Amino acid sequence: MKLWQLKNRANGVALNEPQPLPENWGPIFGLAGFSDRLSDLSWLGEPYKDLGWFEVGDGPPLPTPSTPTDLVWTQAKQLLAESDWSMLPDVPMSSGEKANWIEYRRALREIRLQPNFPTDPVWPQKPE
């Protein structure tokens with residue numbers, strides 16, 4: 001698993017800990033297969049003009065969830081990561097559509113509060 005780090009391109013200062021990129025990063029930015037574009041995010045405009053993602057090595061394999069609680073929560077976090085794009089300020093959607101995504105993400109974060117968690121969680125419906 002490759003690890004990436006967001007850095008200021010001008011001075012090389014790291015802005016986060018090394019981490020894997022979300023598996024869906026390419027389609028979100030229209031860059032599937034173009035990892036070389038990640039090192040210069042200036043095309044995104046402010047506040048990203050001086051930032052870039054840089055590969056910083058390989059990390060250990062991620063631990064495999066082992067308990068039902070771990071499995072369900074891992075799935076909820078994956079669905080949250082896959083919907084991160086919906087919270088970007090420049091995504092063209094109506095306020096109603098945005099509200100649907102906000103509600104979907106809230107339901108995912110609160111899945112552990114369900115009385116039937118983790119044996120039979122009720123998964124929220126992903127907005128269209």
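The C-beta contact set for the range 39-52 (first residue of a type in the set (Asp, Glu), second residue open to solvent by less than 60 Å² (accessible area, probe 1.4 Å), distance under 8 angstrom, 6+ apart or interchain) comprises Asp40/Gly52; Asp50/Asn8; Asp50/Ser42.
Of everything in the range 94-125, what is surrounded by fewer than 13 Cβ atoms within 10 Å (Cβ to Cβ), farther than 19 Å from Pro68 by Cβ and in contact with a helix residue (DSSP H, G or I) (Cβ under 7 Å, 6 or more places away or on another chain)? Give them in sequence order. Within the range 94-125, no residue meets the criteria.
Residues in the range 19-34 that are open to solvent by 60 Å² or more (accessible area, probe 1.4 Å) and modelled with pLDDT of 70 or more: Gln19 only. Within the range 108-128, residues that are assigned to a loop (DSSP other than H, G, I, E, B) reach partners that are acidic (Asp, Glu) with beta carbons closer than 9 Å, at six or more positions or on different chains, in the pairs Gln114/Asp120; Pro118/Asp70; Pro124/Glu103; Lys126/Glu82; Pro127/Glu97; Pro127/Glu103; Glu128/Glu97.
Screening the range 67-89 for residues that are acidic (Asp, Glu) and modelled with pLDDT of 90 or more and picking the one that is surrounded by the fewest Cβ atoms within 10 Å (Cβ to Cβ) gives Asp84. The single condition from (1) farther than 30 Å from Leu38 by Cβ; (2) touching a residue at least 12 places away in the same chain (Cβ under 8 Å); (3) assigned to a helix (DSSP H, G or I) that Tyr104 fails is (1). Taking the criterion of being within 30 Å of Glu46 (Cβ to Cβ), under 16 Å from the mean Cα position of the chain (by Cα) and among the hydroxyl-bearing types (Ser, Thr, Tyr), the residues of the range 71-126 that qualify are Ser83, Ser86, Tyr104. The residues on offer are Arg37, Arg9, and the sole one that is more than 30 Å from Pro118 (Cα to Cα), surrounded by 13 or more Cβ atoms within 10 Å (Cβ to Cβ) and at pLDDT below 75 is Arg37. Within the range 47-58, can one find any residue that is in a loop (DSSP other than H, G, I, E, B), farther than 22 Å from Ala14 by Cβ, out of contact with any helix residue (DSSP H, G or I) (no Cβ under 9 Å at 6 or more places or on another chain) and modelled with pLDDT under 90? Checking the range 47-58: not a single residue is in a loop (DSSP other than H, G, I, E, B), farther than 22 Å from Ala14 by Cβ, out of contact with any helix residue (DSSP H, G or I) (no Cβ under 9 Å at 6 or more places or on another chain) and modelled with pLDDT under 90.
The values are calculated or read from the model by the stated rules, or taken from the named source; none is laboratory data. The model shown is predicted, which means the values in this text are computed figures rather than measured ones. A quick note on method: Cβ atoms are made from the backbone with ideal geometry, for glycine too, and the neighbour counts reach across all protein chains shown. For the accessible areas, the whole protein counts, side chains as well, though only heavy atoms, and no ligand, DNA or RNA atoms are used. Shrake-Rupley method; radii C 1.70, N 1.55, O 1.52, S 1.80 Å.
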